[in-house]
Amino acid sequence: MRRLDWQKAAMGIAFPLVCLTSSVQAQTISPRAARERVDAARQGAEALYQSFPRLREIDSVIRQDCSEKNHGKSADSEFCGCASAITMSLWRSGVDPNMVPRLQAFLNEPDASADSFVAFQGPELYGPICRKATGR
């Protein structure tokens, strides 16, 4: 099993997103800037999933949880895709020092479930920037 190299996987894009997690901070940037940051997070997540395909299980769980917590949003919506990308980017950034070890343990344990990861995210984490970026 490959070990996850978080410094390379983060690709330097997570830090700017940390600054956009509060409603006040997300309101201070333009929708265009929010879209650019979300696009960067999506590209980073996609690169990570290419290297570590099993992380797509967590992506799927986050998207489903997003759909359940955000009325009218489907798991495959642009908003819930944003939610997953932003969440994964913030986790990789080290904003919560426990997330990198949790993700590493998930990758190292073939029988681990992705379901527990929803306890570490939610609309309060991704909502402000995703609403700004998607216009919803």
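Key figures
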| item | result |
| --- | --- |
| Ascending count of other beta-carbon atoms within 10 Å, so fewest first, for LEU125, LEU48 | LEU125, LEU48 |
| Mean Cα-pair separation over length for segment 25-84, i.e. relative contact order, pairs under 8 Å, 6 or more apart, % | 23 |
| Shape of segment 74-136, Cα gyration tensor, a/c cut at 1.5 | prolate |
| Relative contact order (percent, whole number), segment 14-134, Cα cutoff 8 Å, 6+ residue spacing | 43 |
| Fewest-first ranking of SER30, SER89, using other Cβ atoms within 10 Å as the exposure measure | SER30, SER89 |
| Global form of segment 14-134, assessed from the alpha-carbon gyration tensor, a/c cut-off 1.5 | prolate |
| In sequence order, calculated HN-Hα J values of segment 79-86 (Karplus, 6.51, -1.76, 1.60; Hz; x Gly/Pro) | 4, 6, x, 4, 4, 5, 5, 5 |
| Karplus (6.51, -1.76, 1.60) ³J(HN,Hα), θ = phi - 60°, over segment 106-111, in Hz, Gly and Pro reported as x | 4, 5, 7, 10, x, 9 |
| Counted charge near ALA34, where neighbours are those whose Cβ lies closer than 10 Å (Asp, Glu -1; Lys, Arg +1) | +3 |
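Every number in this text was worked out from the coordinates using simple rules, so none of it is lab data. Bear in mind that the values here come from a model prediction, so they are computed numbers and not experimental data. With ideal geometry, Cβ positions are generated from the backbone for all residues, glycine too; neighbour counts draw on all protein chains shown.
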